[in-house]
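The values are calculated or read from the model by the stated rules, or taken from the named source; none is laboratory data. Bear in mind the structure is a predicted one, so any value in this text is a computation, not a measurement. Here the Cβ is made from the backbone with ideal geometry for all residues, glycine too, and neighbour counts use every protein chain on show.
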Amino acid sequence: MAALAKLFTNSLDLIQAIDSLSKVRTPLRSQFSLTLIPIHTCPSLLQNDLLPHVPVELRAHARWLQATVVNSTPYKIRVDDSYFNSGKYFKEPQDIEPHSQMTFSCCNSAFGAGCAGATRFEADVEDGHLGFVLGWTNPAAGSQKVSAVADYHPTKMGYDRADNRVFTETSKYGVVFIDEKGDGKVKNAKLKFTAKPHGQEPVYIIESFVEDIKD
């Protein structure tokens, strides 16, 4: 399956495509690649292949989540910390290479409990680093929720701020650098985060942009 980061040019395109999944969901996931197939001409493949396959062993748990993190930036993203209010990882999060994606999952660890918490990441941006937290919940009672918290904050904040709406947040602080490959001017690199609460399969999109620093 082609990486989500390479299939969509921006977070809005990806969110609209994910929304279409809510209308038609099938338990069978096709194994065909979307690399050479225009998405708009093949909606059935899009519905089956957009999100990674959920293992049967994960679905067997009373409460579970499988999150997909799309790194649409030219920077490597590293796992920094985790917080659990309940549950445990089924598949632990991994570092994410530039322009690629990573999937992690969690599940309940006790009867009658849910899985809820947050994961903190750090991106290697130019000559510096930018942190952020992604929150996720599938409680024993209540709805699935997500969050995206920009900048360096306690990991628990991702859990505390989780909501059942689309989150969009931008780095308040950036990394100042000299654009030696471009116009040679001093610029500020920042990150944008989008969190989509798509049932038990939330999606998080990380994008980057550069601001000119005025003299």
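When only residues in the stretch 56-95 that are free of Cβ contacts under 8 Å to residues at least 40 places away in the same chain and not in a loop (DSSP other than H, G, I, E, B) count, which is nearest to residue 147 (Cα to Cα)? Result: 84. Looking across the stretch 96-113, just one residue is surrounded by fewer than 16 Cβ atoms within 10 Å (Cβ to Cβ) and either within 17 Å of residue 148 (Cβ to Cβ) or in contact with a helix residue (DSSP H, G or I) (Cβ under 7 Å, 6 or more places away or on another chain) (or both), and that is 99. For the stretch 147-172, the candidate set comprises residues that are among the hydrophobic types (A, V, I, L, M, F, W, C) and touching a Lys or Arg at 6+ places or on another chain (Cβ under 7 Å); within that set, the residue that is surrounded by the fewest Cβ atoms within 10 Å (Cβ to Cβ) is 166. Name the pairs whose Cβ atoms lie under 8 Å apart, with the first residue in the stretch 191-215 and in contact (Cβ under 8 Å) with a residue 24 or more places away in the chain and more than 23 Å from residue 66 (Cβ to Cβ), the second buried (at least 17 other Cβ atoms within 10 Å of the Cβ) and among the basic types (Lys, Arg), and 6 or more positions between them or separate chains? If the second residue must be buried (at least 17 other Cβ atoms within 10 Å of the Cβ) and among the basic types (Lys, Arg), the pairs left are 208/190; 208/192; 210/187; 210/190; 211/187; 211/190; 212/187; 213/187.
Annotation: residue 177 fulfils all but one of (1) in a strand (DSSP E or B); (2) modelled with pLDDT of 95 or more; the unmet one is (2). With respect to being farther than 25 Å from residue 62 by Cβ, of a type outside the set (S, T, N, Q) and touching a helix residue (DSSP H, G or I) at 6+ places or on another chain (Cβ under 8 Å), residue 166 fits the description. Residue selection: residue 111 satisfies the criterion of being among the hydrophobic types (A, V, I, L, M, F, W, C) and part of a loop (DSSP other than H, G, I, E, B). Looking at 201, 122, 207, just one residue is of a type in the set (D, E, K, R), outside any strand (DSSP E or B), within 18 Å of the chain's Cα centre (by Cα) and modelled with pLDDT of 95 or more, and that residue is 201.
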